[in-house]
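The values are calculated or read from the model by the stated rules, or taken from the named source; none is laboratory data. Computed from a predicted structure; not experimentally measured. For neighbour counting, all protein chains shown are included, and Cβ atoms are generated from backbone atoms with ideal geometry for every residue, glycine included. Accessible surface is based on the protein model in full, side chains and every heavy atom, while ligands, DNA and RNA are left aside. Shrake-Rupley method; radii C 1.70, N 1.55, O 1.52, S 1.80 Å.
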Amino acid sequence: EVDWFSLASILFLLMFAPLIVYYFIMSCDQYQCSLTDPVIDLLTGNKHLSDIWNKTPPLTYRAAGIYTLWVTFQVVLYVFIPDFCHKFLPGYVGGVQEGAVTPAGVVNKYEINGLQAWIITHLLWFANAYYFHWFSPTIIFDNWIPLLWCANILGYVVSTFAMIKGYLFPTNAKDCKFTGNFFYDYMMGIEFNPRIGKWFDFKLFFNGRPGIVAWTLINLSYAAKQQELYGHITNSMILVNVLQGIYVLDFFWNEAWYLKTIDICHDHFGWYLGWGDCVWLPYLYTLQGLYLVYHPVQLCTANAMGILILGLIGYYIFRMTNHQKDLFRRTNGNCKIWGKKPEYIECSYMSVDGTRFYSKLLTSGFWGWARHFNYTGDLMGSLAYCLACGFQHILPYFYIIYMTILLTHRCLRDEHRCLSKYGKDWRRYTAAVPYRLLPGLF
């Protein structure tokens, strides 16, 4: 059943999330990234909504062609080119991998080839920039708002199709969830793993491609635009490209591990993931680079090094925390963490078919410091991206504000689910590891 707070939250997001994205991008395009000036203009009568809308670039055939070609290319890389990177990159896990067991007891198989798609895409990007010159490296920035309309169209089409598919021809009827509330079902999704054919998995494709592959290309386009406008690229733009590039590469290097995360293991596929991955992610996760096109910031050496160190420490915590959990899970606890045998709490849970399963909850290493310490590292990296932009405007800091809300909410969602799953064993675990994110504080 859908409680009133969840329904109110969903209605708010459905109505205002697209407007929030438009407002941020419009503010950069028309108001030099000021979030307050548009409101002041409207309240004082200097401008009307129609004035702002009329200055907004419309959908163009050029943008539609670019976006269609982009998505089609990523579909081809995802579906038709099996992974070969795992054959020559030591330590990389690619090719066909199994996901977690779904609530209906299904174990889906996935073709893990995101790193390969990222490499091929970026090799072609640089080959064009330096040799072929088919298009300008600033093409993404130059068509940024027309591309926004294309991304919205795809996001709504995919989300609507996923809902219709859940009713009429689901991939697995036992893994569908119907609440009876249209808005909740549309937002959060009906099908757990909607698929077309054997390999095209909606959730894995839209979570990783085309949005995250595009993330680094978008930042490169911003850097190219800064070079075009000012004759040089600032060290803050380089920092944003490097730190976010590390994050993106980490995602694809560990794509097989991603099959065990909350997005794949627990979320159904609806507007939240479909539209969010098409629009919210590429447009609001790249605000720092967009801001730096309009407000180039050249940091002093000390500040640049401090931000770089913060970002790298955050990444180290994020990666090592996840590595410890993955190592513990793969070896069933027969490993060493920080040179010692790991400590854990044994627990059990019952599946929907009445089968009892046994599990272990790690309380060693970073997981002994906080129950979601990987999120803490993620937030440190997010803060580093924002700090690279200086303090003149709040717009680039939207990311750290949003990520704090998102990851705190994920903590609460995850813990609610774990309490329902493990019961008294979860209470023993929270007594052993009392903090969620920040040791000694929260």
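A few comments on the model shown:
- In percent, rounded to a whole number, the relative contact order of segment 321-415 is 19, using alpha-carbon pairs under 8 Å and six or more apart.
- Segment 57-298 - percent relative contact order, Cα under 8 Å, separation 6 or more: 26
- Per residue, the convex hull around the alpha carbon atoms of segment 300-441 comes to 125 Å³.
- Protein heavy-atom accessible surface, 1.4 Å probe, per residue over segment 300-441: 54 Å².
- Segment 305-403 - percent of accessible surface contributed by carbon and sulfur, probe 1.4 Å: 61
- Segment 29-57 residues near the modelled residue 392 label - backbone nitrogen below 14 Å, point 7 Å along Cα→Cβ: 31-35
- Exposure rank, largest accessible area first [111, 346, 255; 1.4 Å]: 346, 111, 255
- Sequence-separation-based contact order of the chain, relative, with Cα cut under 8 Å and 6+ spacing, percent: 16
- Ranked from largest, the principal axis spans of the Cα set of segment 388-442 equal 49, 22, 12 Å.
- Entries in 87/340; 87/177; 340/421; 260/340 that, when Cα-Cα distance is taken, lie over 27 Å: 87/340; 87/177; 340/421
- Mean residue ellipticity (222 nm) of the chain, computed from DSSP H runs ≥ 4 via -39,500 (n - 2.57), nearest 500: -18500 deg cm²/dmol
- Using only Cα coordinates, the Kirkwood hydrodynamic radius of the chain works out to 23.4 Å.
- In this structure, the pairs whose alpha-carbon distance is over 21 Å, taken from 109/174; 325/360; 336/424, are 336/424.
- Computed from point charges on the beta carbon alone (+1 for Lys and Arg, -1 for Asp and Glu), the dipole magnitude for segment 300-441 about its Cα centre is near 480 Debye.
- For segment 393-399, putting each phi into the Karplus relation 6.51 cos²θ - 1.76 cosθ + 1.60 with θ = phi - 60° gives couplings of 9, 7, 3, x, 8, 4, 4 Hz, in residue order, rounded to whole numbers and with x for Gly and Pro.
- Taken over segment 1-97, the alpha-carbon convex hull comes to 251 cubic angstrom per residue.
- For segment 57-298, the ratio of Cα radius of gyration to the globular rule of thumb 2.2 N^0.38 Å stands at 1.05.
- Highest average first, the peptides 85-91, 201-207 ordered by how many other beta carbon atoms sit within 10 Å of their residues are 201-207, 85-91.
- Given charges at Cβ of Lys, Arg, Asp, Glu: the chain dipole, positive-most of 430, 398, 13: 430
- Per residue solvent-accessible surface (Å²) - segment 57-298, probe of 1.4 Å: 41
- Of the two radii for segment 215-324, the radius of gyration is 1.03 times the Kirkwood radius, both from the alpha carbons; that is the Rg over Rh value.
- At 0.890 mPa s and 25 °C, Stokes diffusion of segment 309-349 via Kirkwood alpha-carbon radius, µm² per second: 213
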